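Notes follow once the structure below has been shown.
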Amino acid sequence: MAKTDPQEALRNRKAPIDMTPDEFRKTGYQVVDRIAEFLGSLSRRPVTPGESPEKIRALLGNGSIPLQGAAPDHLFKEAADLLFDHSLFNGHPRFWGYITASPSPVGMLGDLLAAAINPNVAAWVLSPMATEIEAQAIRWIAELIGYPVSCGGLMVSGGNMANFVGFLAGRTAKAPWNIREQGLGGGAQQPLVYVSKATHTWIEKAADLFGLGAKAIRWVETGADQQMSIEALEKQIAADRAGGYLPFMVVGAAGTVGVGAIDPLPEIAAICREQNLWFHVDGAYGAPAAALPEAPAGLRGLAAADSIALDPHKWLYNPLEAGCVLVRDPQALVNTFSFHPEYYNFDNTRGDQAALNYYEFGPQNSRGFRALKVWLGLRHVGKEGYIQMMREDIALAEELYKLVDSHTELQALTHNLSITTFRYIPSGLASGDPATEEYLNKLNLELLNRLQAGGEAFVSNAVIDGKYLLRACIVNFRTTLNDVEALPEIVVRLGRELDAQMRGEFLEVG
Ligand SMILES: Cc1ncc(COP(=O)(O)O)c(C=O)c1O
């Protein structure tokens, strides 16, 4: 056998991972065709096959890593079959769980284009156009929600990361000592952050990860409407100051994860101004709704925030992952995150304006081009398109509330933004006494499990005042009134079946 000359092999290198443009085109067209068929069939599919982990794992088997490769068109066919037949589809018109949007088709293609260029949006010189597109997307998002366009900001992976960035910027800005050099131990006082009891769990991760500890969180009472009590906030801050603590930040919610409640943002802003505290708004879900002309003044109060977290992968209908943080003073981000290692040559500006190097504005170093899909989405539908879709989502959630409210076996609890909560109460059962309430909680939990596995519609849960509730969050441009009208019947049918099985076991049948 003739030996290949190693130098020659390197000269005519054929990397197994590469594809010729023709191979790429052929496989790419096949993939796009499969996705287009999938999108066309989405509403006829179950939301989820509701399969067990054993079944899914068995489909993949537990063989070793392949020694040799396989042809991409074969692989994509197999991967598409696996995914289309064994996934939960948050793009389905009847998916209303948690806060995960139907992904926009333009966003899907945007991610493909972004990956093809693969700019490293850490430094301007590595990503000239991508950096400027991200900066424009940030300005447009600020403009959309009525925040100063002179703000700083950047794309991150999601709401947790966006909130972390705001949290860290606030911590650095408000610590009376140089916290970046001396750490938390550099000051005698324990810094404290104030959040409502309905705040998402990101705050626990932030307090833990960034060294403050869970005890640094002051969980402020909420009223019946799930909004932070201003009176309780003021009292707590005063008590903590008297006790020698260092209050540094208040977090206001623009749409809580549970019921979509909006904290009294203008009042919180006033307290923060008076008390020299950082005002962070968690608008991961609800901030985009500030774009609606009919948005309540309470929500518009986010314009006074020092920082805002907002998720394009929630109510701007982008595919995962796309989070965004806006910070009023861009310098606050640089003050928090910038270092200048000698192995970077990123300040070599070409022209009069300084280059924007995003690695100095956030925790990530290498950064992907998440901004492209967001920017394309904003251009595809414009402000008016987003207003229309959010308005319709809100109207559908309101329709659901009315439908549930008028049903004798359902109890409607809340409707805020595009979230409606309710529960199933079998006829003949009067809620109120502790044993019945306990039974209703068990029944609705089991009902949720059935619903989530059944594939007809997908909702999640909220717990308010000890009541276990079903919760539909519509951040879904594919949902129609027909879909919403179908939900009460599905819930009541499953509820009756379960009640027939469960009631005797849990309640004395009277
Ligand atoms: C209000 C709020 N904040 C933060 C988050 C966390 O966002 P993510 O899951 O994108 O990290 C969520 C998620 O639902 C949320 O609703």
Residues within segment 455-498 that are surrounded by fewer than 17 Cβ atoms within 10 Å (Cβ to Cβ) and over 24 Å from residue 386 (Cα atoms), tallied: 10
Number of positions in segment 83-130 that are among the aliphatic types (A, V, I, L, M) and in a loop (DSSP other than H, G, I, E, B): 6
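Would you mind stating whether residue 205 is under 23 Å from the mean Cα position of the chain (by Cα), surrounded by fewer than 16 Cβ atoms within 10 Å (Cβ to Cβ), assigned to a helix (DSSP H, G or I) and of a type in the set (Lys, Arg)?
Judged against the criteria, residue 205 is a match.
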Residue 281 being within 16 Å of the ligand (Cβ to nearest atom), crowded, with 22+ Cβ neighbours inside 10 Å, outside any loop (DSSP other than H, G, I, E, B) and assigned by TED's automatic domain parsing to the domain that holds residue 172: yes
Members of segment 457-510 that are small (Gly, Ala, Ser) and free of Cβ contacts under 8 Å to residues at least 60 places away in the same chain: 466, 500, 504, 510
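Quick grid of which residues meet (1) within 21 Å of residue 383 (Cα to Cα); (2) in contact with a Lys or Arg (Cβ under 9 Å, 6 or more places away or on another chain):
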position: 284; (1), (2): yes, yes
position: 293; (1), (2): yes, no
position: 296; (1), (2): yes, no
position: 315; (1), (2): yes, no
position: 319; (1), (2): yes, yes
position: 324; (1), (2): yes, yes
position: 329; (1), (2): no, no
position: 332; (1), (2): no, no
Condition met for residue 210 (assigned by TED's automatic domain parsing to the domain that holds residue 268, aromatic (Phe, Trp, Tyr) and touching a His at 6+ places or on another chain (Cβ under 8 Å)): no
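Every residue, every condition in (1) in the same structural domain as residue 310 (by TED's automatic domain parsing); (2) more than 16 Å from the ligand (Cβ to nearest atom), yes or no:
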site: 48; (1), (2): no, yes
site: 55; (1), (2): no, yes
site: 62; (1), (2): no, yes
site: 71; (1), (2): no, yes
site: 106; (1), (2): no, yes
site: 111; (1), (2): no, yes
site: 124; (1), (2): yes, yes
site: 141; (1), (2): yes, no
site: 152; (1), (2): yes, yes
Test result for residue 486, within 19 Å of residue 255 (Cα to Cα) and in a helix (DSSP H, G or I): no
Residue match in segment 305-320 (condition: touching a helix residue (DSSP H, G or I) at 6+ places or on another chain (Cβ under 9 Å), more than 15 Å from the ligand (Cβ to nearest atom), more than 19 Å from residue 127 (Cβ to Cβ) and in a helix (DSSP H, G or I)): no
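From the list 356, 326, which residue is part of a strand (DSSP E or B), away from the ligand (no atom under 13 Å from the Cβ), farther than 20 Å from residue 389 by Cβ and among the aliphatic types (A, V, I, L, M)? If you could, list the steps in order and put the result at the bottom.
Details: 356 fails: part of a strand (DSSP E or B).
Answer to the check: 326.
Report yes if some residue within segment 84-100 is surrounded by 10 or more Cβ atoms within 10 Å (Cβ to Cβ), on the phi > 0 side of the Ramachandran plot and hydroxyl-bearing (Ser, Thr, Tyr); otherwise report no.
Yes: one or more hits.
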First in segment 398-409 and assigned by TED's automatic domain parsing to the domain that holds residue 427 and under 13 Å from residue 472 (Cβ atoms), second anywhere and surrounded by fewer than 16 Cβ atoms within 10 Å (Cβ to Cβ) and at pLDDT 95 or above, Cβ under 9 Å, 6 or more apart: 399/481; 399/485; 400/485; 403/485
Residue within segment 424-445 that is in a strand (DSSP E or B) and more than 25 Å from the chain's Cα centre (by Cα) present: yes
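The values are calculated or read from the model by the stated rules, or taken from the named source; none is laboratory data. Since the structure is predicted, the reported quantities are computational estimates derived from the model, not experimental observations. Because the Cβ atoms are built from the backbone with ideal geometry, glycine has one as well, and the counts that use them run over all protein chains shown.
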